[in-house]
Amino acid sequence: MLWIFLAILFASIIIGLPIAFGLGVAALVMAVLSDIPLSIMIEQSIRGVNSFPLLAIPFFILVGEVMSNGGIARRLMELAGAMVGFMRGGLGQVAITGSMFFGGISGSAVADTAATGAMMIPSMKQQGYTAANATAINTVSSVIGIIIPPSIPLILYGIVTETSISRLFIAGIIPGLLIGFALMVTTYILAKKDGGGVQKFRWDRLWKAFKDAWLALVLPVIVIGGIIGGVFTATEAAVAALLYALAISLVVYREFKLKELGGMLIRTARLTGMVMMLLAFATVIAWFLTINMVPQTLVSQVQAITQDPFLLLLIVATLLLLVGFVMDLTPAMVIMAPMLAPIVTSVGVDAAYFGVLMAFVLGIGLLTPPVGTCLYVGCGVGKVSMESLVKAMLPYYAALLVVLVILIAFPGIVTWLPDLTAVRGN
């Protein structure tokens, strides 16, 4: 049954059929071959999307829309400039720091690439950055957005593997900061080699930027602080973040107009619909594989090869890197997580740790050809060719792989904070 699913999925990728439709075709074929009533397919698909934590996805997507149009993202970028613009590789450091701020609210790598790239790339070009280098920095830093909470991929992982989303969010904080630090160090080294410009640090500029942006900084405090403090779950945090973002955009900053809300809701609905369709059909596939004992068979076969967690995680990470080359993050997460999570947890690996690791590895896939979504967005925003962008990103690929090895070798980096912090539910 697994080979039938993989064959149909691979054929769908080759002919360019949307992954969601490919999953639907695979589910239909498996139902016919197994002589199972199609009504069960419908029941399982409804079960897959009938989940309260899924409500967090449209709310966080809409938060990102409000941020981009309501002046919140711009103020965060200005604060980032005042904080780190004095470092070597100044505007590059600003772009990375801004991605940490923006990713800590929107939870989407693609939204991060588009929003920060549109604001930063023109300024970076004026400061002497080549179009390829400016675009590379803004594109690669977008992977932070799917690790630092909130994170849409972590929400999906939590749903399909029944792992606490709140614990996943807390687990992503330190790795997200580590990724940002690695990218900043890489930018510093490259700027030193290429003679990148340096801005002067000014306390008055930092104070002015902070006063202008402090209300925006409350947003990640609401999300992360509320979850850690047990005030609300991740889903409730999404609603609170949206209400707060709307309030300061409409009442305080006054850069957001209610007539723009309709377009934002339409874009949010489209993205949410795509995720829901993927999740519905992936749930049917997972059910077919489970009743055919596929996950249990995979666990026993992998355990026969190795039961060493480090070696197993290296193997799984390599597999996910290859998957990321040919499949976008969202379908890869909903398809692979239910199969891989039982394998790694069977050797004692923490489920939340693996969720963060999986999101990171598949996030690297967003930055690699031929199907890297963030690459295409970056090329459009920066007006550069795919070849020049990939070449400029090579040092950053190396930095991300170094971080990946560190996270595999030292899992405590990921699990320390959630183990220290008590969070409730999803």
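The values are calculated or read from the model by the stated rules, or taken from the named source; none is laboratory data. Values in this document were obtained by computation on a predicted structure and should not be read as measured data. For neighbour counting, all protein chains shown are included, and Cβ atoms are generated from backbone atoms with ideal geometry for every residue, glycine included. Heavy atoms of the whole protein, side chains included, go into the accessibility calculation; ligands, DNA and RNA do not. Shrake-Rupley method; radii C 1.70, N 1.55, O 1.52, S 1.80 Å.
Taking a probe of 1.4 Å, how large is the accessible area per residue of the chain, in Å²?
Numbers: 17530 Å² over 426 residues.
In whole numbers, the chain has 41 Å² accessible per residue.
Over all directions, average the projected area of the Cα convex hull of segment 249-305 and note it in nm².
7.3
Quick check on segment 2-74: what does the Kirkwood estimate of hydrodynamic radius come out to from the alpha carbon pairs, in Å? Could you put the intermediate results ahead of the total?
Details: mean 1/r = 0.0662 Å⁻¹.
Here the Kirkwood hydrodynamic radius works out to 15.1 Å.
Mean separation of Cα pairs under 8 Å and 6+ residues apart, divided by the residue count of segment 47-154: what relative contact order is that in percent?
29
Roughly to the nearest percent, how much of the accessible area of segment 33-134 is carbon and sulfur, given a 1.4 Å probe?
So the carbon and sulfur contribution to the accessible surface is 61 percent.
If the viscosity is 0.890 mPa s and the temperature 25 °C, what Stokes-Einstein diffusion coefficient in µm²/s follows for segment 165-290 when Rh is the Kirkwood radius over Cα pairs?
129
Highest first, please rank the peptides 30-42, 401-413, 339-351 by the mean number of other Cβ atoms sitting within 10 Å of their residues.
Ranking, from highest mean packing down: 339-351, 401-413, 30-42.
Using a Förster radius of 22 Å, what is the FRET efficiency between S39 and N292 based on their Cβ-Cβ separation? Nearest 0.05, please.
The computed FRET efficiency comes out at 0.70.
Given the -39500 (n - 2.57) contribution per DSSP H run of 4+ residues, what per-residue ellipticity at 222 nm results for the chain, rounded to the nearest 500 deg cm²/dmol?
-24500 deg cm²/dmol
Using the Cα atoms of segment 255-346, I'd like the radius of gyration and the largest Cα-Cα distance, Dmax, both in angstrom.
18.3, 60
Along each principal axis of its Cα atoms, how long is the chain end to end? Whole angstroms, biggest number first, please.
That works out to 70, 46, 45 Å along the principal axes.
Extending each Cα 7 Å along its Cβ direction at K259 and L28, get the distance between those two points in nm, one decimal.
With each label placed 7 Å out from Cα toward Cβ, I get 4.4 nm.
Within segment 190-290, report the chymotrypsin sites (Phe, Trp or Tyr not before Pro) that DSSP leaves as loop and that have at most 14 other Cβ atoms within 10 Å.
Here the sparse-neighbourhood loop sites are F201.
From the Cα gyration tensor of segment 131-222, with a ≥ b ≥ c the square roots of its eigenvalues, which class applies: rounded if a/c is under 1.5, or else prolate if a/b is larger than b/c, or else oblate?
oblate
What is the distance in Å between the Cα centres of segment 223-280 and segment 306-362?
When both Cα centres are located, 29 Å separates them.
What lysines sit close enough to K211 to cross-link, taking a C-alpha to C-alpha distance under 25 Å and skipping anything fewer than 8 places away on the same chain?
K211 reaches K200, K257.
Just the number, please: carbon plus sulfur as a percent of the accessible area of segment 273-426, 1.4 Å probe, no ligands or DNA/RNA counted.
Its accessible area is 73 percent carbon and sulfur atoms.
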